Amino acid sequence: MIALMNALIRYATSSIGKKQIVGLTGLMLCGFLAGHLAGNFLLYKGEGVFNAYAQFLTSNPLLPYIELALLGVFMTHIGFALWVTWEDLLARPERYAVRRNAGGRTIGSSTMIYTGALTLAFLLFHVTVFKLSGEAEQHVRGLFGVVIDCFKSGAWVAFYAAALLGLGVHLSHGVQSAFQTFGVNHEKLTPGIKAAGLLFAAAMAVCFGMIPVLTKMGRIG
């Protein structure tokens, strides 16, 4: 057991180990996003269907454990991502006066830390509004009513649009980078992985983003 723990520690503290942990937890969070979006699509079915779905989730006795596990994945992803970023900065202490977009760098790859921070801020707001402060109101109007009221505000819709754009940019590099970290980097596979990553990023940003926009327009609710 001690040998196994030492091996895990050596792996988690190695350069490739840290990057693979970031990649693995990132892919796990992508799975969560896809599932969360599927649930959000029930908003289009109307108040009764969406509130029934929300009640089903909140009444599940496993929900606290699932949320705790999800929190662990988020914290691990954020912590190891910051660790890798910090070590990269230490390895390149000198900053060039003019930065060139070389080596295939994209907007997504060069702004990961910023879009990640924006996504974290968005997540904290999202949880506060719909999970914490909205609990009392949900007993009266249901989660559907809380969502509709939130997106009546143009300011919140604009914030959501900006945050989801940042999420899309983050995913546009994160998905393909995760696969490359695990060695999936072949001339025949890489173009397809990049295309799939971009498609997934665009789908998440657009599909999530359309919900507040259509709610503000009166198409939902």
Q) Going through region 47-56 one residue at a time, which ones are touching a residue at least 24 places away in the same chain (Cβ under 8 Å) and farther than 17 Å from Leu132 by Cα? A) Glu47, Phe50
Q) Looking at Leu43, Leu29, which one is surrounded by 12 or more Cβ atoms within 10 Å (Cβ to Cβ), touching a residue at least 24 places away in the same chain (Cβ under 8 Å) and either under 25 Å from Thr76 (Cβ atoms) or of a type in the set (Val, Ile, Thr) (or both)? A) Leu29
Q: Please verify whether region 97-108 includes one or more residues that are at pLDDT below 90 and not in a loop (DSSP other than H, G, I, E, B).
A: no
Q: Test Thr190 against the stated conditions and say whether it is out of contact with any Cys (no Cβ under 7 Å at 6 or more places or on another chain) and either of a type in the set (D, E, K, R) or touching a residue at least 24 places away in the same chain (Cβ under 8 Å) (or both).
A: no
**Q.** Exclusive hit being within 16 Å of the chain's Cα centre (by Cα) and either surrounded by fewer than 20 Cβ atoms within 10 Å (Cβ to Cβ) or not aliphatic (A, V, I, L, M) (or both), set Ala195, Ala205, Ala162, Ala158
**A.** Ala162
Q) Which of the residues belonging to region 1-26 are among the aliphatic types (A, V, I, L, M), assigned to a helix (DSSP H, G or I) and more than 17 Å from His77 (Cβ to Cβ)? A) Ile2, Ala3, Leu4, Met5, Ala7, Leu8, Ile9
Q | Condition check for Ala155: among the aliphatic types (A, V, I, L, M) and in contact (Cβ under 8 Å) with a residue 40 or more places away in the chain | A | no
Q.
Cβ contacts < 7 Å: first residue in contact (Cβ under 8 Å) with a residue 12 or more places away in the chain and part of a helix (DSSP H, G or I), restricted to region 63-83; second residue surrounded by 12 or more Cβ atoms within 10 Å (Cβ to Cβ) and of a type in the set (Gly, Ala, Ser), any location; separation 6+ or different chain. Result?
A. His77/Gly26; Ala81/Gly116
**Q.** Selected residue [in contact (Cβ under 8 Å) with a residue 60 or more places away in the chain and more than 22 Å from the chain's Cα centre (by Cα)] from Ser15, Ser59
**A.** Ser15
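The values are calculated or read from the model by the stated rules, or taken from the named source; none is laboratory data. Everything quoted here is computed from the prediction, not taken from an experiment. Cβ sites come from the backbone with ideal geometry, for glycine too, and all protein chains shown count toward neighbours.
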